[in-house]
Amino acid sequence: ALLLKRKDKEGQLTAKEEKIKELQNKLYGLKTNKEYSTMLSEISGVKMDKSLMEEEILKIFEEQDSLQKDLEKHKAALQEEEKKFNLEKDKVLARVKEIESYVKDLSSKREVAEKEIDRKIISQYARILKGKESLALVKVENHSCQGCFMEVPPQVINEIKMNDRLIFCEMCARILYILDEPSE
């Protein structure tokens, strides 16, 4: 916008300069002093207009310079932010690769483990997993199921410790387990 404004003002300035030349050429052809002095005052007025336009053009140049400096600052800030973003992106991508590798490793371990487990147990686990928000196997801690947080009766805890069959929570139907307590 400033560039267009400046070009417009420069065009007007050129027109004023041509008007001054035209008036000065007419000046030599005048016959009376009155016409001569009128023409001089008209030339003086056009020169003042020209001077004002030159000042406006200079102000536009200064404003353009200021905007250009601001633009350079913003470009530098943008480049700095892009560097930070790219570093962070690289970290995230490295972490994603690490996680993908870990998941792949766990998947291969799962495949090996599934071969050793009864198909009936695997199908029960898959059914519960699908219906219980991806949490089919939960720990019993402080006599409560960690899936639904309901109390587990002592008899059920004893059955879990026997480890001879799958035990399900009476409330949420998830498979229950107890971590072996460390010996003292």
For the chain, the accessible surface attributable to carbon and sulfur atoms (probe 1.4 angstrom, ligands and nucleic acids excluded) amounts in percent to 54 percent
Under the 7 Å Cα-to-Cβ spin-label approximation, Leu87 and Asn33 lie apart by a distance in nanometres of 8.3 nm
Plugging the Cβ-Cβ distance of Gln68 and Leu137 into 1/(1 + (r/R0)^6) at R0 = 45 Å yields, to the nearest 0.05, a FRET efficiency of 0.10
Relative to the chain, whose Cα atoms define the longest principal axis, helix 2-27 and its Cα axis are tilted in degrees, nearest 10, by 0 degrees
Pairs over 23 Å Cα to Cα, from Lys47/Lys69; Lys109/Lys139; Lys97/Lys139; Lys7/Lys47; Lys16/Lys69, come to Lys47/Lys69; Lys97/Lys139; Lys16/Lys69
Reported to the nearest 10 Å², Glu114 has, with a 1.4 Å probe, an accessible area equal to 50 Å²
Nearest-0.05 FRET efficiency for Phe61 and Glu18 at R0 = 35 Å, using Cβ-Cβ distance, is 0.95
Contour minus Cα-Cα span, Gln155 to Glu100, at 0.36 nm per residue, comes to 15.6 nm
Note to self: with every protein chain in place and a 1.4 Å probe, the range 54-184 gives an accessible area per residue in Å² of 85 Å²
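The values are calculated or read from the model by the stated rules, or taken from the named source; none is laboratory data. Quantities reported herein were computed from a predicted structural model and do not represent experimental measurements. Methodologically, a virtual Cβ is constructed for each residue, glycine included, from the backbone with ideal geometry; neighbour enumeration extends over all protein chains shown. All accessible areas refer to the heavy atoms of the entire protein, side chains included, with ligands and DNA or RNA removed. Shrake-Rupley method; radii C 1.70, N 1.55, O 1.52, S 1.80 Å.
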